[in-house]
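**Q** Got a structure for you, questions after.
The values are calculated or read from the model by the stated rules, or taken from the named source; none is laboratory data. Keep in mind that this is a model prediction, so the values were computed, not measured. Cβ sites come from the backbone with ideal geometry, for glycine too, and all protein chains shown count toward neighbours. The protein model used for the area step is the full one, side chains on, heavy atoms only, and it has no ligands, DNA or RNA in it. Shrake-Rupley method; radii C 1.70, N 1.55, O 1.52, S 1.80 Å.
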Amino acid sequence: MAEIPARVAVPDAAPASAAASPPAPERKGLTKKELAGDHPTWCPGCGDFSVLALYFRLIEKRKLGHEEFVSIAGIGCSSRFPYFVQAHGAHYIHGRALPFATGISLSRPDLHVFVFGGDGDAFSIGGNHFNHTARKNIKLTYVVMDNWVYGLTKKQTSPTSPLGFKSKTDQWGAVDYPINPMKQAIAAGATFVARTTSTNPNHVLAMMEAAMDHDGFSFIECLSECVEFYEGAFDAANPRKGGMFKEVPKDHDLSDETAAYQLAGTDFPGYFGIFYKINKPTKNAKEAEINRGMMEKVKGLKPWQILQKSFDRMK
Ligand SMILES: Cc1ncc(C[n+]2csc(CCOP(=O)(O)OP(=O)(O)O)c2C)c(N)n1
Ligand code: SF4
Ligand SMILES: [Mg+2]
């Protein structure tokens, strides 16, 4: 009988040649230059330019790579946003950016999901989606570029247009009471609610950073002037135009819903900063927990066997 050879000992440590190989280079994030896609088709002076530039700065600052984030939007001037970002993203159906982004967030919780849009997209046609995405606490960041008007369709009254605003749909002045996006976000269950204005770049960046670090539905209302159809709408919030930029008081308790609601109710130009921030389990976390439990139950089975079990149960 042939002799069984003695086992060759396998060293625990990696061979000397491997130890000498250079460490993997540190991953470089995308640069503003790499991120800049098509030249934005917005009117010169539109506030949306500033939001886009700050988004590039955010991605650059946080050293994100293509595989780490997506930019989603609905329809409107502001919603053209993903066209101008040379990265993964989608310009989706009017008012439906949030449900689309919800699917991405739930299936790929490792991604930073950013959604951009306008006041019409968010609060008219997409109004219900806003409420449901907020109450479900989906992990994503939603930046609404609020210009108090429908810009793309050339000046109709939007849900945030103030009373008396003369537009193509309200020639004698708007008669419907405007919604207050901050109050709506708080009441709907958003766990991060902030307000900023495109004329204050450092503040926009700070709000976006805080929002992307929040584990839950983070909402930012960003005033963004439509210079074509609502010129001067936000002058009262711009110190360079004689207005006032008032930050949320330092002693404001971020977890106090009633205090946040009070800040939101202050007359225009109101306050800027984070109004509300609480930690509450996300739908992402809850679903992951359910999935983990289910996977435990079918451990070791092949996909077809799992399906077979389901069919057997239906008999
Ligand atoms: C289903 C559907 N309804 C209406 C429109 C027309 N429409 C396109 S954009 C828009 C409003 C956009 O306003 P807003 O979200 O405030 O974006 P802005 O252009 O002001 O940035 C409307 C009504 C459409 N494209 N699809
Ligand atoms: S119409 Fe208004 S919102 Fe649209 S690009 Fe021009 S300035 Fe911006
Ligand atoms: Mg608008």
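**Q** To make sure I understand the rule: partners must be lysines, Cα under 19 Å from the Cα of Lys61, and not fewer than 8 residues away in the same chain. Which ones qualify?
**A** Of all the lysines, those that pass the test against Lys61 - Cα under 19 Å, at least 8 places apart if same chain - are Lys28, Lys32, Lys33.
**Q** Right, next: Taking the Cα centre of region 153-305 as origin, work out the dipole magnitude from +1 charges on Lys and Arg Cβ and -1 charges on Asp and Glu Cβ, in debye rounded to 20. Walk me through the intermediate numbers first.
**A** On the way: 18 positive and 19 negative charges, 118 e Å.
Its charge dipole is roughly 560 debye.
**Q** Check each of the trypsin sites (Lys or Arg not before Pro) in region 68-154 and keep only those in coil by DSSP with at most 13 other C-beta atoms within 10 angstrom; list them in order. It would help to have the intermediate numbers written out before the result.
**A** Values: sites: Arg80, Arg96, Arg135, Lys136, Lys139, Lys154; in loops: Arg96, Lys139, Lys154.
Sparse-neighbourhood loop trypsin sites (Lys or Arg not before Pro): Lys154.
**Q** Treating the beta-carbon of each Lys and Arg as +1 and of each Asp and Glu as -1, no other charges, what is the dipole magnitude of region 215-315 about its Cα centre, to the nearest 20 debye? Show your work: numbers first, answer last.
**A** Working: 15 positive and 16 negative charges, 246 e Å.
The dipole magnitude comes to about 1180 debye.
**Q** Per residue, what accessible area does the chain have, given a 1.4 Å probe and all protein chains present, in Å²? If you can, show how the numbers build up before the last one.
**A** Working: 17420 Å² over 315 residues.
Spelled out: the 1.4 Å probe surface of the chain, per residue, equals 55 Å².
**Q** Go through region 79-95 residue by residue and turn each phi into a ³J(HN,Hα) via Karplus (6.51, -1.76, 1.60, θ = phi - 60°); whole Hz please, and just put x for glycine and proline.
**A** For region 79-95, the Karplus-derived couplings read 6, 6, 2, x, 4, 9, 10, 7, 6, 5, x, 8, 9, 9, 7, 4, x Hz, x marking Gly and Pro.
**Q** Count neighbours as other Cβ atoms within 10 Å of each site's Cβ, and list the chymotrypsin sites (Phe, Trp or Tyr not before Pro) in region 122-206 that are DSSP loop with at most 10 such neighbours. If you can, show how the numbers build up before the last one.
**A** Numbers: sites: Phe123, Phe130, Tyr142, Trp148, Tyr150, Phe165, Trp172, Phe192; in loops: Trp148, Phe165, Trp172.
Passing both the DSSP loop test and the Cβ count: Trp172.
**Q** Percent of Cα-Cα pairs more than 28 Å apart in the chain, please. Before the final figure, lay out each step's value.
**A** Details: 23282 of 49455 pairs.
Of all Cα-Cα pairs in the chain, 47 percent lie more than 28 Å apart.
**Q** Where a Cα-Cα gap under 19 Å defines reach, which lysines qualify for Lys155, not counting those fewer than 8 residues away within the same chain?
**A** Of all the lysines, those that pass the test against Lys155 - Cα under 19 Å, at least 8 places apart if same chain - are Lys166, Lys168.
**Q** Can you list the trypsin sites (Lys or Arg not before Pro) in region 217-286 that are in a DSSP coil and have 15 or fewer other beta carbons within 10 angstrom? Write out the running numbers ahead of the final one.
**A** Details: sites: Arg240, Lys241, Lys246, Lys250, Lys277, Lys283, Lys286; in loops: Lys250.
Sparse-neighbourhood loop trypsin sites (Lys or Arg not before Pro): Lys250.
**Q** Further question: What does a probe at Lys241 reach in region 27-49, counting residues whose amide N is under 20 Å from the point 7 Å along Cα→Cβ?
**A** Once the point is set 7 Å along Cα→Cβ of Lys241, 42-49 turn out to lie under 20 Å by backbone N, inside region 27-49.
**Q** For the residue pair Trp304 and Glu231, what label-to-label distance in nm results when each label sits 7 Å from Cα along the Cα-to-beta-carbon direction?
**A** Modelled inter-label distance: 7.1 nm.
**Q** Same structure again: Enter the per residue convex hull volume of region 127-236, computed from alpha-carbon coordinates, in Å³ rounded to the nearest integer.
**A** Dividing the Cα hull volume of region 127-236 by its residue count gives 101 Å³.
**Q** Would you mind getting me the FRET efficiency between Tyr177 and Glu287? Use the beta-carbon distance for r and R0 = 45 Å, nearest 0.05. List each step's numbers first, then the result.
**A** Working: r = 37 Å, r/R0 = 0.83.
Once the sixth-power term is evaluated, E becomes 0.75.
**Q** Okay, moving on. Can you compute the charge dipole magnitude of the chain about its Cα centre, using +1 on each Lys and Arg Cβ and -1 on each Asp and Glu Cβ, nothing else charged? Give it in debye, rounded to the nearest 20. Please report the intermediate quantities before stating the final value.
**A** Values: 36 positive and 33 negative charges, 180 e Å.
Approximately 860 debye in magnitude.
**Q** Hey, with R₀ at 22 Å, roughly what FRET efficiency would Ile93 and Cys43 work out to, going by the Cβ-Cβ distance, to 0.05? Intermediate results must be reported in sequence, preceding the final value.
**A** Values: r = 24 Å, r/R0 = 1.09.
Once rounded, the FRET efficiency stands at 0.35.
**Q** Cut-off 10 angstrom, C-alpha nodes, Gaussian network model of the chain. Which of Pro25, Pro178, Pro99 fluctuates the most?
**A** Of the options given, Pro25 has the highest mean-square fluctuation.
**Q** Of the heavy-atom accessible surface of region 263-315 (probe 1.4 angstrom), what whole percent is carbon and sulfur? Provide the component values of the computation, followed by the final result.
**A** Numbers: 2410 of 4030 Å².
After summing per-atom areas, the C and S share lands at 60 percent.
**Q** While we're here: Report in % the part of the accessible area of region 49-203 that belongs to carbon and sulfur, leaving out ligands and nucleic acids; probe 1.4 Å. Can you show the working numbers first?
**A** Working: 3310 of 6080 Å².
Summing carbon and sulfur atoms, their accessible area is 55 percent of the total for region 49-203.
**Q** Select from His252, Gln156, Ala97 the residue farthest towards the positive end of the dipole of the chain; place +1 on Cβ of Lys and Arg, -1 on Cβ of Asp and Glu, and compute about the Cα centre.
**A** Of the candidates, Ala97 comes out farthest on the positive side.
**Q** While we're on this one: Using a Cα-Cα cut-off of under 13 Å, which aspartates and glutamates could be cross-linked to Lys277, ignoring same-chain neighbours fewer than 8 residues away?
**A** Once the sequence-local aspartates and glutamates are set aside, what remains near Lys277 is Asp213, Asp215, Asp253, Asp256, Glu257.
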